[in-house]
Each structure stands twice: as structure tokens, then as C-alpha cells.
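Participant: This is the structure I have questions about; it appears just below.
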């Protein structure tokens, strides 16, 4: 299990769908995404149909594409392209689908995008965030911070929007000319203004977190708990509202703690959860989706080739978890394995142990790491030989060293 092979595509499920190998400047980022369970796929770009839908949806609004502090931007056309690809190509894959690809046309900077389709669970946010942070650390970024917010269900979001728009409409005459114009196009954008008068109006504006249902509040709490396991500073940013054109749920952005030459935060990645975008494409069902867009400096152009299923690397290790506490503590263990160059498969979207054991058996994987509540409390983990059923308990901070030795001896 040599680390020199870490950039080769690694199997993430037992299906036989094609994988893609990236060999250009996106290589490391895509390899990290693959380690966390994201299948490398070919780049997805909006076709003419999606561009027309996007233009109609936004009324051909010209968006300001800058990275000013707190500004939110993920191109809706990119998300529509991903959703369309899911229904045309991925709906029959093992669910939920975790996919990663790159973007560079039409852009000043390249991007790595990771998307999870079909999961409503907070572990989806946890995986996306952890993989994103690992990619950014690999790029050399330090002193990173995370902003989070949630707009909840479509119903709670609509109620918030109604009250938010009413609040700003009542104060419209006090807004600056630019904000009055912006309010007509996308009301949520006015919250980005740093004019003193606008800030006073903003202080009294409704906050979406107060509209959350008990279920969405618990979901958001779990997302925060995942971030806390990363040991990074974070805050709930009430200005993080997405766009009124999109049906955002959880939102986050990652930035460096310093400022750029203009005194603005250097935002490195943005992500959000949505579920109603398929209806914009004519599909008659919702699709719970969370995605992230990571900026790659400079005009990066990827090089990628399709890899047949039989050429994809098969990990010799399966990570098994039992219980939400073990699921939460899984991400630091996966990172430890990645840093050691150890290939691993996981199914953190599963809740029960039986389906995980069955998948490991079906894929003929010889070793498994098992973590439950007892192991979380003791700071340990079980290493099991799946063929002989012999097992040993090892400290979590020594898992990579022990696994490497056992697998090498096989």
C-alpha cells in the first residue's frame, strides 16, 4: 500500500461504474476527495439548456463575482449541471452518491467541486467539510476559520425571507442607492453592505436560525459538532444567506483568518445544501444535495483520463462505525489514514453495523477498523481480520502505524 499510488483512483463502492484519473494541477485535491469516499468523475459544465434555465431564473441578472468579506457565490448553473448529471447518469449508482470533479472554463480560477447526492444526514456536511479542509491544508493554507449558517426547511426559509424582505422594504428609503437597486434583484445581497446606515438596519433584521424547526436545529447542531472535532475556530455567521434564487439549507464558507490587500477575508471555499433544484430542470422529485466549491489559484487546467473498473485500486481496509458518537470521531481517524497513505473504504452514511459488514464482505476486503461508543470513550479502535475474525484493540493515535504493519505483512 505504497503512498506513491495515492493519486491512482481508489474504489469507493462495489459497483463497476468508470472512474477518472486526474494528472494535472488538480491531482492532489482529487486524490484527497477520493480518499474521503468521493468518486472522481469527468468535469461537468453547464450545457446550453442549463444556461438558458439559469438566465431565465435570475432574469439575466449580472452578478458581481468578487470575494469580498462575507459575500456568497456559487454559480447556480454549476449546481444545475451536477443535478442533471445525477438524473442522467448516477441515479442507478449505489446511494448516496459522492462525486468529485473540476471546473475551469469561464473562470479566472480553477475549482474542485465535491457533491453528495441523496443524503439528508449531517455526516454529509461533516465529510464535505473535512475533505475540503484537508485539500486546503495540502495547498498550504493555515489559520483557517469556518463560517456556518442554516436556513432550514423550505417552509422556514420562506417565512424568514418574507419577514426579511418586509423589514428591508420598510427601511428601503434609508438604504443607499446601490442597495436599493440590489434589493430589487436579490434582496439577500443587501446584507453584505458595510455602509453605517445599512448596518444599523441589518442589526434589526430577522435571523434565519430563529426560524428553524426542532429537526433542522438538531441537524445544524450536529454539523457544528463535526466542525468542533476539527479543532478549528468557527462562528455562526448570520450574514451567510446564499441567494434568494436558490433553496439553501446549510451554508458554510472557509477562509483564512488574515485579510487580503483590500482588507477583505480571503475566502477559500463555499458550500451549501439544497434539495429543490431538480424541479427547475423538469424532474418531479426533490434531491437532497450538498456541495462545495474550492478555489484553485491561477488558471488551472486539468488533465484527466477514464480508468476502467478493473484498473481501479481496491483498498484492503474497511472502516466500520456504530453510533453517532463513533461517526463523529471517524473523520480524524480517516485523516490519520490519509496522511499515512493507507487506502480505506467507508460507508459513514449508513447507521447500522450490519450493512457495513455486508458491504465489506461483498467487496472481499481483508481488514476492518471498528469503532463504537466504547472505543470512542476509551480512545481506542478495533482492528479485525475479516477472514479469520481475529481482532485486536489499538489506541486511536497508533492506528495508522499498526494498520500499515499488518497489511504489509499480508
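Participant: Under the rule of -39500 (n - 2.57) per DSSP H run of 4 or more residues, summed and divided by the residues of the chain, what mean residue ellipticity at 222 nm is obtained, to the nearest 500 deg cm²/dmol?
Facilitator: After summing the helix terms and dividing by residue count, I get -10500 deg cm²/dmol.
Participant: Here is a follow-up. At residue 276 and residue 52, where each label point lies 7 Å from the Cα along Cα→Cβ, what is the point-to-point distance in nanometres?
Facilitator: In this crude label model, residue 276 to residue 52 measures out at 2.4 nm.
Participant: Still on this structure, please answer the following. Calculate, in whole percent, how much of the Cα-Cα pair population of segment 314-409 lies beyond 22 Å.
Facilitator: 17
Participant: Quick check for you: which residues of segment 312-346 have the amide N under 18 Å from the point 7 Å beyond the Cα of residue 374 toward its beta carbon?
Facilitator: Counting only backbone N, you get 320-327.
Participant: While we're on this one: Can you tell me how much longer the chain between residue 362 and residue 145 gets when fully stretched, taken as 0.36 nm per residue apart minus their C-alpha distance, in nm with one decimal?
Facilitator: Here the segment from residue 362 to residue 145 would lengthen by 74.1 nm.
Participant: Here is a further query. Computed on alpha carbon atoms, what radius of gyration and Dmax characterise segment 153-211, expressed in Å?
Facilitator: 11.1, 32
Participant: Would you mind computing, in nm to one decimal, how far apart the modelled labels at residue 196 and residue 284 are, each placed 7 Å from Cα along Cα→Cβ?
Facilitator: Roughly 5.8 nm, to one decimal.
Participant: Can you work out the FRET efficiency for the pair residue 120 and residue 205, with r the C-beta to C-beta distance and R0 = 22 Å, to the nearest 0.05?
Facilitator: 0.15
Participant: Still on this structure, I have one more. Report the extension gain between residue 308 and residue 229 in nm, rounded to one decimal, defined as 0.36 nm multiplied by the number of residues separating them, less their alpha carbon distance.
Facilitator: Taking residue 308 through residue 229 to full extension adds about 24.8 nm, to one decimal.
Participant: If I take R0 = 30 Å and measure r between the Cβ atoms of residue 215 and residue 95 in this structure, what FRET efficiency does the formula 1/(1 + (r/R0)^6) give, to the nearest 0.05?
Facilitator: 0.90
Participant: Between segment 207-234 and segment 308-369, what is the C-alpha centre distance in whole Å?
Facilitator: With segment 207-234 and segment 308-369 each reduced to a Cα centre, they are spaced 26 Å.
Participant: Further question on the same structure: Taking every pair of alpha-carbon atoms in the chain, give the share separated by more than 36 Å as a whole percent.
Facilitator: When every Cα pair of the chain is considered, 26 percent fall beyond 36 Å.
Participant: In whole percent, what relative contact order does the chain give with Cα contacts below 8 Å and a gap of six or more residues?
Facilitator: With pairs under 8 Å counted, the relative contact order is 23 percent.
Participant: Then there is this: Full-extension gain between residue 172 and residue 353, please, as 0.36 nm times their residue separation minus the C-alpha to C-alpha distance.
Facilitator: 59.6 nm
Participant: Using 1/(1 + (r/R0)^6) with R0 = 22 angstrom and r between the beta carbons of residue 339 and residue 382, what's the FRET efficiency to the nearest 0.05?
Facilitator: The value I calculate is 0.60.
Values quoted throughout were computed directly from the atomic coordinates according to the rules given, and no laboratory measurement underlies them. The shown structure was predicted, so the numbers you read here are calculated from the model rather than taken from an experiment. Note: ideal-geometry Cβ built from the backbone for every residue, glycine included; neighbour counts use all protein chains shown.
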